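One structure is given here, and the rest of the page talks about it.
What follows draws every value from the coordinates through simple rules; no lab data is involved. None of the values given here were measured: they were computed from a predicted structure. Here the Cβ is made from the backbone with ideal geometry for all residues, glycine too, and neighbour counts use every protein chain on show.
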Amino acid sequence: MSLTARRATILALLAALMAATRLHHFAAIPDASWAVFFIGGFYLAGWQRWAFPALMALAVAVDWFVITSQGLSFWSHYCVSPAYWCLVPAYFALWAGGGLLRRHLSASAPVAIGQLVVALVASVAVCHLLAQGSFYWISASVADPTLAGWWKNYSDWLLPYMRTAAMYVGAAAMAHVLLTRVLPKPATGARPLHAD
């Protein structure tokens with residue numbers, strides 16, 4: 001399979017995963033959006049100029065669909081304040097974390113696992129800082145924001161977001177290992193699955 005075909009397949013899978021879980025169609029399945037952007041940064045760095053905006057547009061479209069299908073106005077929904085647009089840099093922090101991991105990934109499995117953990121934890125922490133922080137400080141949903149209140153909110157929600165992202169990224173990492181060991185080795189001169 002060519003690099004372009006691999007990237008197209010990965011992009012399609014990531015888009016489908018995000019759409020299915022962001023809709024909350026299956027209540028027991030948590031939203032994979034944060035993991036999707038991290039994984040996208042790892043595999044789709046060469047397509048960043050249009051793959052990141054395409055996934056971002058999909059996220060907004062799903063949110064619009066969910067909100068308006070409940071008979072509510074998208075623009076007056078409490079989640080869609082000026083802070084909503086801070087999801088762009090927040091999600092890009094995840095994308096950048098995946099891209100940094102790809103560029104510096106070690107060939108040693110134990111080191112690579114450590115790099116994955118550090119990249120994911122740092123990316124999720126920054127994403128949460130931007131997404132939650134902007135909602136807390138910019139939106140009108142918090143009547144009397146305080147530094148202590150912000151910190152409690154940030155720390156209360158960080159672990160659940162981290163756990164969900166780690167679940168999906170861990171599954172993707174296992175699939176990567178399985179596919180790279182099961183699939184035939186690329187011919188000489190072929191590029192690996194995560195190359196630019």
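Observations on the structure shown:
- With a Förster radius of 41 Å applied to the beta-carbon distance between T9 and L129, the computed FRET efficiency rounds to 0.80.
- Efficiency of FRET from Cβ geometry, T68 and L158, R₀ 25 Å, rounded to 0.05: 0.25
- Residue with peak Gaussian network fluctuation, the chain [Cα springs, cutoff 10 Å], from A16, A96, A165: A16
- Here is the size of segment 78-161 from its Cα atoms: Rg then Dmax, 15.3, 50 Å.
- Shown is the FRET efficiency for A57 and C79, computed with R0 = 22 Å from the Cβ-Cβ distance and rounded to the nearest 0.05: 0.80.
- Above 21 Å, the calculated P(r) of segment 3-182 contains 51 percent of its Cα-Cα pairs.
- Build a GNM of the chain with springs between Cα atoms under 10 Å apart, and of L116, L87, L13 the one that fluctuates most is L13.
- A Gaussian network model of the chain, with springs between Cα atoms under 10 Å, assigns the largest mean-square fluctuation among A143, A125, A175 to A143.
- Screening the chain for whole DSSP H helices with an alpha carbon extent of at least 18 angstrom along the helix axis and a mean Kyte-Doolittle hydropathy of at least 0.5 yields 3-22, 48-69, 87-104, 109-138.
- Extension reserve of the S141-L23 stretch, reckoned as 0.36 nm per residue once the Cα distance is removed: 40.2 nm
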